[in-house]
Amino acid sequence: MRSFENLIQDVQNKNLCHRCGGCVTFCTAINYGALEMKSNGFPGYKDKEKCIECGICHILCPEINDLNDEIVKQTGWSAPAGRIISTNIVRARDRQVLDRATDGGAVTAILLHLLETGRIDGAIVSKHVGLFNREPCLASTKEDILDACGSFFDASHGMVLYSEHYSTYSPSIQALGMVKKHGARKVAFVGTPCQIITLRKMQVLGVVPADSIYCILGLFCSGNFAFDDNSRMRLEKIGDFKWSDVKKINIKGKLYVYLNNGVIHTLPLDELDFIKRDACRYCADYSAEFADLSFGGIGAEEGWTTVLTRTPLGMKIFDAADGSVLEKYGQETQPQDQGEEQLARNRIRKLHQLIRHHKYAQLGIDDQGAADPEYDKLVQELKELEDKYPGLENLPGQSEIPNYTRKALNRIIEKSAEKTKLCVEHRIELG
Ligand SMILES: Cc1cc2nc3c(=O)[nH]c(=O)nc-3n(C[C@H](O)[C@H](O)[C@H](O)COP(=O)(O)OP(=O)(O)OC[C@H]3O[C@@H](n4cnc5c(N)ncnc54)[C@H](O)[C@@H]3O)c2cc1C
Ligand code: SF4
Ligand code: SF4
Ligand code: SF4
């Protein structure tokens, strides 16, 4: 019989625990109540007597390989960076989102769109508590989702409160425990690649609280940081800035420190190794390879987000948001750009979208819509427009990815390979 004891031996004692919180969240959601997250952020026994040795906490841990083949099958994963149906560079159309976002606000725009169209009744996001720290929460209103957006520093929380310990890591899975208590049914989950692996395993096992998840939005991740006050001061020296002048931080290949006066300082990630969480050294997943949609800043210009669609559900979500709440890089609509060609281009895009949704409905992957009774008319209209305006709209298929998205994809594959190489080296060192 397996139990949490095996996790202590196989994962915790080797410093491999990602602190995803999956083990505790399952044990609590099913009401066994044997585990809890300790104040140091790691899982531990709350009441060992309550453990029935079901072994599920062990099997769903991202460090345990038992269900790897199943999650590969479930998501259609393939090398080198997971399944990629399409690569897009986008940003939110809503300025309120864009002004607060980490990159292009794509995550927030999509969450708001899902909420407004009734596909979800909440989202697990991570809001700021102090200068670095993030705390997972269930956001069920537009304001809550906007509140959690971006990488801002809220100086009102001050540094003093959190001076002993800073961490950029947010244990988001734990917030899934709140979903049912708050009367929500289906939520979107935003999190790191390690958390997503745990969730996929929960889905394969069909265990709570994964039944509350509508879709999984993954953030690219080169690592999370945890540090104390001394390291915080060392960072100031390395980066040549003062924390009191910092407006926001972001990670994309380097650590970007944005100052209030508009200056941006960059710190190479290999110089920050001293504050990286231990478990992050042994992690190979850069681009959230098991998510429905994955998001990062790499490969995109400042103010834009690179988005990978990975599953049919992810594609459906992206298609619905594309053109309504998102705009694509290189296809921004200028106010003066409303001539006949632009209108035709917009209509062609819309028709492609409607036709795809009709197909999703037929395949049974659209939980809301039914097949479109006007389908034949849509196909006819599209044909006429494409005949009249040949080459006006190149829809992104893998063979037609425009140059800039192909470059972004190459960067992601490079970064994934680098992270995998480091992970293998560190694991060899570990023995
Ligand atoms: C620790 C970390 C490391 C990253 N490393 C890279 C990298 O190396 N390369 C790269 O290209 N991109 C990286 N990213 C992703 C990047 O910073 C952006 O989150 C991504 O581009 C989406 O931007 P956006 O403007 O579309 O998202 P926004 O619209 O700003 O939304 C961001 C969402 O992420 C949630 N969130 C923020 N911080 C966390 C956190 N710590 N844990 C869980 N959820 C969180 C917020 O609640 C919000 O819902 C990293 C993100 C994190 C959190
Ligand atoms: S009851 Fe099951 S999930 Fe909870 S600690 Fe024991 S083995 Fe793990
Ligand atoms: S399931 Fe997550 S929190 Fe639990 S031991 Fe594994 S990595 Fe750590
Ligand atoms: S580097 Fe890996 S272990 Fe660390 S937070 Fe990112 S996904 Fe999780």
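The values are calculated or read from the model by the stated rules, or taken from the named source; none is laboratory data. Everything quoted here is computed from the prediction, not taken from an experiment. Reconstructed Cβ throughout: ideal geometry from the backbone, glycine too, with neighbour counts over all protein chains shown.
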Conditions first: (1) under 29 Å from residue 133 (Cα atoms); (2) surrounded by fewer than 17 Cβ atoms within 10 Å (Cβ to Cβ). Residue 50 passes all but one, so which condition is the exception?
(1)
In region 108-144, how many are touching a residue at least 40 places away in the same chain (Cβ under 8 Å), closer than 25 Å to residue 243 by Cβ and either of a type in the set (Gly, Ala, Ser) or part of a helix (DSSP H, G or I) (or both)?
1
Pairs, first under 16 Å from residue 45 (Cβ atoms) in region 10-22, second away from ligand 4 (no atom under 14 Å from the Cβ) and polar (S, T, N, Q), C-beta under 6 Å, six or more apart:
21/174
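This table checks each residue for (1) surrounded by 19 or more Cβ atoms within 10 Å (Cβ to Cβ); (2) within 16 Å of ligand 4 (Cβ to nearest atom); (3) under 27 Å from residue 185 (Cβ atoms).
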residue: 74; (1), (2), (3): no, no, yes
residue: 77; (1), (2), (3): no, yes, no
residue: 109; (1), (2), (3): yes, no, yes
residue: 116; (1), (2), (3): no, no, yes
residue: 123; (1), (2), (3): yes, no, yes
residue: 135; (1), (2), (3): no, yes, yes
residue: 143; (1), (2), (3): no, no, yes
Checking residue 81 against (1) within 16 Å of ligand 1 (Cβ to nearest atom); (2) under 18 Å from residue 209 (Cα atoms); (3) surrounded by 20 or more Cβ atoms within 10 Å (Cβ to Cβ), only one condition comes out false. Which one?
(2)
Meets criteria (free of Cβ contacts under 8 Å to residues at least 24 places away in the same chain, more than 20 Å from the chain's Cα centre (by Cα) and under 26 Å from residue 214 (Cβ atoms)) for residue 65:
no
Single residue of region 185-231 satisfying the filter (more than 15 Å from ligand 3 (Cβ to nearest atom) and surrounded by fewer than 17 Cβ atoms within 10 Å (Cβ to Cβ)) that is nearest to the chain's Cα centre (by Cα)
211
Going through (1) within 16 Å of ligand 3 (Cβ to nearest atom); (2) in the same structural domain as residue 138 (by TED's automatic domain parsing) one by one, residue 62 fails only at (2)
Quick one: which strands (runs of 3 or more DSSP E) sit completely within region 233-299 and have at least 3 residues that are within 16 Å of ligand 1 (Cβ to nearest atom), of a type in the set (Val, Ile, Thr) and out of contact with any helix residue (DSSP H, G or I) (no Cβ under 6 Å at 6 or more places or on another chain)?
246-251
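Considering only residues of region 85-107 that are in a loop (DSSP other than H, G, I, E, B) and β-branched (Val, Ile, Thr), which is surrounded by the most Cβ atoms within 10 Å (Cβ to Cβ)?
102
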Pairs under 7 Å by beta carbon, first residue in contact (Cβ under 8 Å) with a residue 60 or more places away in the chain in region 37-57, partner small (Gly, Ala, Ser) and within 16 Å of ligand 1 (Cβ to nearest atom), six or more apart or different chains?
37/21
Pair list, Cβ < 7 Å and 6+ apart or interchain, from region 276-303 residues that are assigned by TED's automatic domain parsing to the domain that holds residue 103 to residues that are within 16 Å of ligand 3 (Cβ to nearest atom) and of a type in the set (S, T, N, Q)
277/224; 278/15; 279/15; 280/224
